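Asks: Take a look at this one; I'll ask things after.
The values are calculated or read from the model by the stated rules, or taken from the named source; none is laboratory data. No experiment lies behind these values; they were computed from the predicted model shown. Ideal geometry is used to build each Cβ from the backbone, glycine not excepted, and the neighbour counts take in all protein chains shown. Surface accessibility is based on the protein's heavy atoms, side chains included, excluding ligands, DNA and RNA. Shrake-Rupley method; radii C 1.70, N 1.55, O 1.52, S 1.80 Å.
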Amino acid sequence: MAPSRSRTDHALDLWSTTDKTEQEIAEQVGCALGSIKAFVSAARKKNDPRAFARKLAHDDKLSVPAPKPQPVLIRRKDEEREPPVAGFAKPVERKPFSKPLDPRPGRITGVVITSPGSVVALDMDNLVVACPGGDWQVTRPVALVMERMRNGETFDDQTLAEVGSMGLSTFADSRKRWTEELAKLGVEFVHTKGVGCKIRVAGT
């Protein structure tokens, strides 16, 4: 066995079976202070149990998780004072408590906007299109198409069909239904032959 290997094992044995400091282990093994940390780090990569017997000086710093980005929830003016708990609801007629109450007719509970837009916004986790006149629960292909169109730009049929992983004929058939659904929610779906499709707030 090579001397460096024996020195490594000696250092790891002292690390796992004693309370000696890195400096004390380095002096006893006969190596530089920085080598102890290198021995332990290399052993951890090999899943050597001796290396996990105690923490390195920088372990605590590494264990602090980075802050996660928080999703932005778009509040609508008439929902700001709407209580989230049914027991504190406004004195208006409510349906039986057999299912969660929506914030208001046309809105879906638990929507968190992940893709804000100037015409519609989307919750891509729950596949909901938030329109000016209400929320629209959709499938993932439709959500992907609406996410691409959310700011009102014009896209050709081929591009949008590919975004939704559907053929052109399927896209053409679906487009008619989307137009009807969006019209109920205050959004106009505009298709111009030879140009493409876009959405805009109805009446603009």
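Asks: Once ligands and nucleic acids are excluded and a 1.4 Å probe is used, how much of S6 is accessible, expressed in Å² to the nearest 10?
Replies: Accessible surface of S6 is approximately 50 Å².
Asks: Can you pull out the trypsin sites (Lys or Arg not before Pro) in region 116-204 that DSSP calls coil and that have at most 15 other Cβ atoms within 10 Å?
Replies: Loop-located and lightly packed - K193.
Asks: Explain nothing, just compute: Karplus ³J(HN,Hα) = 6.51 cos²θ - 1.76 cosθ + 1.60, θ = phi - 60°, for every residue of region 25-41 in order, whole Hz, x for Gly and Pro.
Replies: Calculated HN-Hα couplings, in order: 5, 4, 5, 6, 7, x, 9, 5, 4, x, 5, 4, 4, 5, 4, 5, 4 Hz.
Asks: Just subtract the alpha-carbon distance of V201 and S118 from 0.36 nm times their residue separation and send over the number in nm, one decimal.
Replies: 29.0 nm
Asks: Order V195, V201 by their accessible area, 1.4 angstrom probe, all chains in place, largest first.
Replies: V195, V201
Asks: I've got another one for you. Apply 1/(1 + (r/R0)^6) to the Cβ-Cβ distance of N126 and T192, taking R0 = 30 Å, and write down the FRET efficiency to the nearest 0.05.
Replies: Approximately 0.45, to the nearest 0.05.
Asks: Next question. With the crude spin-label approximation of a point 7 Å out along Cα→Cβ, what separation in nm comes out for K46 versus S169?
Replies: Taking the two extended label points, one gets 6.3 nm.
Asks: Grab the other residues whose beta carbon is less than 12 angstrom from that of A32, score K and R as +1, D and E as -1, and report the net. Before the final figure, lay out each step's value.
Replies: On the way: positive: R7, K37; negative: E22, E27.
Here the count lands on 0.
Asks: Here's something else I'd like to know. Which value, in Å² rounded to 10, gives the accessible area of H191 with a 1.4 Å probe and all protein chains present?
Replies: 70
Asks: Using the Cβ atoms and a cut-off under 15 Å, what net charge is assigned to the surroundings of K176, where Lys and Arg are +1 and Asp and Glu are -1?
Replies: -1
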